[in-house]
């Protein structure tokens, strides 16, 4: 999250907030999958990476 501070000039808080929010979603997704499927597969990990990447990009782009 600290590496994301310079990602949005003028808003040093936006990068870390986007990263932390995306990681919170990832944790929730993985908990749900473990509960529903009983474990984590490679497909689940790949989907989690894609979701986290998309959320971080959206968090950095949607600066208003």
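The values are calculated or read from the model by the stated rules, or taken from the named source; none is laboratory data. Worth saying up front: this structure is predicted, and the values here are computed from it rather than measured. Methodologically, a virtual Cβ is constructed for each residue, glycine included, from the backbone with ideal geometry; neighbour enumeration extends over all protein chains shown.
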Fill in the blank from the handout: Contact list, first residue from segment 1-12 and under 20 Å from residue 53 (Cβ atoms), second anywhere and at pLDDT 85 or above and not in a helix (DSSP H, G or I), beta-carbon distance below 6 Å, six or more apart or interchain, is 5/12
Exercise for the section: May I ask you to verify whether residue 37 is surrounded by 14 or more Cβ atoms within 10 Å (Cβ to Cβ) and at pLDDT 90 or above? Expected result: no
Practice task
Can you run down the residue pairs with Cβ atoms below 8 Å, 6 or more apart or on separate chains, where the first is in segment 34-63 and in a helix (DSSP H, G or I) and the partner is at pLDDT below 95 and surrounded by fewer than 12 Cβ atoms within 10 Å (Cβ to Cβ)?
Solution key: 44/37
